[in-house]
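Comments concern the structure below.
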Amino acid sequence: MEEQTIKLLQDSFVQVMAIRSEAAALFYERLFVLDPTLKPLFSDSDMRAQEMKLMAALALVVGKLRQLDEVIPVLETLAVKHVGYGVRESHYDTVGQALIQTLSLAFGERFTPELRTAWLAAYGAISGVMIAAARRGGMVIAAE
Ligand code: HEM
């Protein structure tokens, strides 16, 4: 990922973190509008705690964009846990859309096409690692 893109993402994430509870609440609102069938997956969750976990995970990855290799094992473990939560591959696309909608609402006019492209690339990289790990995890389970 280019240095300019990394800077763009990290600067924008600082602004998201300043309003993290609102951003996280907005994210789940958008997610459940996009796909209400996802609600039961979170039925046992404390949504406030869940919102903070999501923002902390994003903060970790965004902070490590220059050393993405270091967070790959974390994402892989997270992905396998997600299989256990009932998360399917197609859900990653929905979550990506909810994330982009949230950022667009939070930033308004400041959500430039350049910033949108940068976030799409970052989410694509994160979800790509998670989906690949979930597939491998699934194969191990199937082989048992
Ligand atoms: C970039 C992608 C994602 C990141 C960084 C992420 C992050 C997280 C984190 C940090 C947790 C808490 C993990 C734990 O304590 O075990 C979690 C739990 C969860 N995530 Fe995700 N997630 C992602 C994608 C998704 C997707 C695509 C879905 C599908 C709707 C999803 C649904 C869930 C559910 C259902 C839980 C469990 C909630 C509970 O504790 O009951 N996540 N996620």
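Convex hull of alpha carbon positions in the chain: directionally averaged projected area 8.7 nm².
Note down the net charge around F42, summing +1 for each Lys or Arg and -1 for each Asp or Glu among other residues with Cβ under 15 Å from its Cβ. That sum, taken over residues with Cβ under 15 Å, equals +1.
A79 sits among other residues whose Cβ lies under 10 Å from its own Cβ, and their net charge, with Lys and Arg +1 and Asp and Glu -1, is +2. The separation of region 17-33 from region 102-130, counted between C-alpha centres, amounts to 14 Å.
Here, each number is a calculation from the coordinates, and none is a lab measurement. Quantities reported herein were computed from a predicted structural model and do not represent experimental measurements. Here the Cβ is made from the backbone with ideal geometry for all residues, glycine too, and neighbour counts use every protein chain on show.
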